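Everything on this sheet refers to the single structure shown next.
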Amino acid sequence: MDFYAAQDHARRSSRWLLLWFILAVVLLIGITNVLIAMLIYFLGATTAPMAGDEAIRGFIAAFSWETFAFVCLGVVATIFLVVLFKWAQLSAGGKAVAERLGGQRILPHTDDPAQRRCLNVVEEMALAAGMPVPPVYVLAGERGINAFAAGVSPADAVIGVTQGSLDNFNREQLQGVVAHEFSHILNGDMRLNIRLAALLKGITFIGDVGEVVVRGGRSHRGSLSTRSKNRLPPQAMAVGIALWLIGLLGGLFAGLIKAAVSRQRELLADASAVQFTRNPEGVANALKVIGGYPPGTNLLEPRATELSHIFFGQIDQLWQLARTHPPLPDRIRRIEPHWDGQYIKFDPASTYRGTALDQERRATEQAESAEARRQQAAALGAAVIAGTALGGAAADATAGDAAAGETAPAGDADFSTAVEGAAVIPDELAEQARDPFGAHAVVYGLLLADDIATQEAQYALVEASGVRGLAMTTRQLQPGIAALAPALRLSLLELALPALKCMSAEQYRGFKDTLLQVTRADNKVDLYEWCLYQVVRHYLDPEFLQVTPSKPRHRKAVHVRQEYRTVVSVLAWHGHQDEEDRIAAFTRGVESVGLYNLTLRPLEECGVAEFSRAVNKLANCYPLLKPRLLKGMAKCAAHDGELLPREVEILVAVAAVMDCPVPASVRANPALD
């Protein structure tokens, strides 16, 4: 699956969405003018109703350019303001969307086995996708089976699941659903979905106002003594009914637009889930469970309707043309063409909390959870090492199964051996990284200098942050972090990010200030410190701050040739000691993206400041160009046949700033392609 082509398709889909939206607005303006003219004609009549040609002439006379202009301005202004308000609500990030739907964040140290299993699965999928772990939210009051991914970019993405999903899916099925949602993140669907929800709210808002007016008029029909006082005038009721009718048409347009955009994206996500897990049965059986489950995918939260297109399954029963998801049988047969048509039957005794079977299931999940976490620690360590030591196909194909504790299929024995023999993140560090307090100490520990004097200054800065015991914990973790294989530093940092997202906004500001001070304790910032800070900033800023995503401006590599030259020069200087190899690596990196007649920059022109400016400009490239550039950088780094840990750190930091998940071909060794 070419995720970057999918992102480009999603971007083009947003253009079609805008055109359909404009068409819907034009139709609403026309219909509104017709209804206004009818109201003026009928409510303004003081004589007996006219008939025939006289009635038609009277109706046409009710039109005027002044009224037309006023209606146009009113409709457009109302829709614009509503869209703006809704966009401001939803663009705050996936966290805001999840909380709006009633979601509660699953904390890293939850004691609930089903929640722990879900966190493990999400961590596995993030590892397979080459991106930090997104926060996970549960809709605790929802018995329906459903899930969603929300956010504007991968940096502020969240995964949400209902309690029904946790209670009814086994691990394999949950993996398939989570993989489906990860594909929405990587395909660029989330931003499209947020735009869709904001635009369509503008279309349906007029009808919402009409419904309020009509309901208000009906509620005032109380006792005889109050009816005359509270009754709305007939004119107001007529206006309310007119607005309500406009809303019905707006809802029809919104449903058709939503269905046209959403259905193909859902089929693409199902196919991507199969690719992620390499297990068609996971997502197929999840769909079969939904088909045999009486509540289905329905949700009780009223606000879920306006976001129905972001969910794994259909949440409302609409007529076929307006459904946001393809029918379950169609989705299943796309994955399993020879499906026999039988759903997986619902067994209440195994899902209702408190029953003997439920307690047995939870005990099994507890044991599986502990084993999965042990296997996951091994996979986190092996992922980077195996990716640089093995051919890309074997390493990338088995990363997800290794993290899940599954048996590797035939032909992948080399990767299994690498997992068993590779260095792993120690359990103590992994546990601290999953704890909100310990994660602070882990990040500070990754920045500690080698010399004792600078270390002491850094400890003093951590102590001055005012968090009691944090400096002591950082000291305690320092020996373990110092002994950590360089290839595991980035994995440890990414493991800590979900716990760091549990901070408050005020705590994050203090953490970020201290992080900068610790980084600059020796009065300089080296490239490793820049890379670590950029990964932290890119994935945490959207959680607590209002961040403006980069906008595509550069379609071709030639438009960023000098910036790309700078980045590849930095990789050549940091990854190759021999001058001849350095020049050859640089040449391979630039020519692989179609740039010629460029020379390696001198070392003095490859400082952190120049590198940072270059990467920030590369972030404004179009989705299809970004993976080409990253692939070229990786070819430069791996020109000598291996990817060093510092080269991987640079590539991952560049990918983070470019808002582009690291492709599998980059995490593997491009020299072996």
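In this structure, residue 342 and residue 256 have a Cβ-Cβ separation that, at R0 = 35 Å, corresponds to a calculated FRET efficiency of about 0.60. Selection among 180, 82, 109 by position relative to the dipole of the range 72-212 gives 82 as farthest towards the positive end (Cβ unit charges, Cα centre).
Couplings 3J(HN,Hα) for the range 258-263, derived from phi with the Karplus relation 6.51 cos²θ - 1.76 cosθ + 1.60 (θ = phi - 60°), are 4, 5, 5, 7, 7, 4 Hz, where x marks Gly and Pro. Solvent exposure of the range 241-315, expressed per residue, is 34 Å² of accessible area, with all protein chains present and a 1.4 angstrom probe. The mean accessible area for residues of the range 473-623, using a 1.4 Å probe and ignoring ligands and nucleic acids, is 46 Å² per residue. On the range 425-560, 51 percent of the accessible area sits on carbon and sulfur atoms, based on a 1.4 Å probe. With all protein chains in place and a 1.4 Å probe, the accessible surface of the range 60-140 carries 70 percent carbon and sulfur. Computed from label points 7 Å out along Cα-Cβ, the spacing between residue 452 and residue 578 is 4.1 nm. Taking the Cα centre of the range 599-653 as origin and assigning +1 to Lys and Arg Cβ atoms and -1 to Asp and Glu Cβ atoms, the resulting dipole is close to 360 debye.
Cross-link check: pairs 86/258; 95/258; 201/617; 345/501; 501/551 evaluated at a Cα-Cα cut-off of 28 Å; pairs beyond the cut-off: 201/617; 345/501.
Ranked by the mean number of other Cβ atoms within 10 Å per residue, highest first, peptides 325-334, 598-607 order as 325-334, 598-607. Computed about the Cα centre, the dipole magnitude for the range 505-592 is approximately 580 debye when only Lys and Arg (+1) and Asp and Glu (-1) carry charge, each at its Cβ.
Can you give the extra length, in nm with one decimal, that the chain gains between residue 267 and residue 80 once fully stretched, where that is 0.36 nm per residue apart less the Cα-Cα distance?
That pair, residue 267 and residue 80, stretches by 64.2 nm at full extension.
Each Lys and Arg adds +1 at its Cβ and each Asp and Glu adds -1 at its Cβ; summed about the Cα centre, the range 63-156 shows a dipole of about 80 debye.
The values are calculated or read from the model by the stated rules, or taken from the named source; none is laboratory data. Computed from a prediction, not measured in an experiment: that's the story for all the values here. Here the Cβ is made from the backbone with ideal geometry for all residues, glycine too, and neighbour counts use every protein chain on show. Note: areas computed on protein heavy atoms with side chains; ligands, DNA, RNA excluded. Shrake-Rupley method; radii C 1.70, N 1.55, O 1.52, S 1.80 Å.
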